[in-house]
Amino acid sequence: DAAPASQRIRRRPALSSLCLSQHASAVELYEGDSFILPCEFPTFRFQDPTVVWSRSDLSPPTVHQHQRQGDELKDQNQRYSGRTSMKTDALETGDLSLNLTNLQLSDSATYTCSVREFGRELSQSDVQLQVKERFPSWAKALLVLLVLLVLVLFFSGILLFHFRQYFTSGECLLLHYP
């Protein structure tokens with residue numbers, strides 16, 4: 001289902017067949033922007049939870065991993081290096097949102113927020129992210145053509161001004177009146 005929103009959230013609780021679908025308000029995200037991918041789960045109830053943000057279309061799939069000891073980024077996909085962060089108290093508050101900076105067109109995908117403890121999956125939610133070009137290709141081409149047109153008109157004006165005496169002198173006139 002193609003929602004007009006730039007993101008779509010679907011929560012899949014573990015050990016349950018219930019699916020909650022939630023559509024977020026439309027947000028336009030562009031290259032270079034930052035965005036917080038939402039994810040919440042009461043992790044404070046558990047002894048040793050791990051949060052893994054991932055993309056199934058990547059290898060390795062890990063976008064960001066957070067444990068009680070802090071971030072664990074040794075398995076992080078290189079395209080996200082230095083661009084992800086989570087709140088340091090995420091596991092205490094249950095706010096497992098991922099801050100993704102310097103968005104790129106290639107960041108458009110479905111992100112999965114998984115909460116695990118001792119290998120058992122406790123929760124999983126999907127967030128769909130759509131990043132747009134700040135200036136679409138057609139707009140860039142139109143801008144280049146406009147600049148070229150201005151340059152041609154500018155230089156034509158300079159040439160006409162420089163050679164104006166040839167156009168205004170009587171020597172150039174072909175028609176003579178008696």
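Give the lysines whose C-alpha is closer than 20 Å to that of K132, dropping any in the same chain fewer than 8 places away, or say none.
Counting by Cα, and skipping residues close in sequence, K132 has these lysines nearby: K140.
What residues qualify as long-range amide H neighbours of K132, i.e. H under 5 Å apart, gap of 5 or more or another chain, H built at 1.01 Å from N?
Here L29, Y30, E31 satisfy the definition.
Just to check I understand the Karplus step: with θ = phi - 60° and J = 6.51 cos²θ - 1.76 cosθ + 1.60, what whole-Hz values come out for region 113-129, glycine and proline as x?
Residue by residue, region 113-129 yields 9, 10, 10, 10, 9, 6, x, 9, 7, 9, 7, 8, 9, 10, 10, 9, 10 Hz.
Kirkwood hydrodynamic radius for region 42-117: how many Å is it when counted over pairs of different Cα atoms?
12.7 Å
Please quote Rg/Rh for region 88-140 to two decimal places, taking the Kirkwood radius as Rh and restricting both calculations to Cα atoms.
Expressed as Rg/Rh, it is 1.15.
Taking amide H positions as placed in the peptide plane 1.01 Å from N, state which residues far from S85 in sequence (5 or more) or on other chains have amide H under 5 Å from it.
Those lying under 5 Å, H to H, from S85 are N99.
Quick one: which residues, 5+ away or cross-chain, put their amide H under 5 Å from the amide H of L122? H built at 1.01 Å from N.
V115, R116, E117
Would you kindly derive the ³J(HN,Hα) couplings of region 137-147 from the backbone phi angles with the Karplus curve 6.51 cos²θ - 1.76 cosθ + 1.60 (θ = phi - 60°), listing them in order in whole Hz, with x for Gly and Pro?
4, 5, 5, 5, 5, 5, 5, 4, 4, 5, 5
No lab work stands behind these numbers, since they all come straight from the coordinates. Fair warning: this is a prediction, and the values are worked out from it, not measured in the lab.
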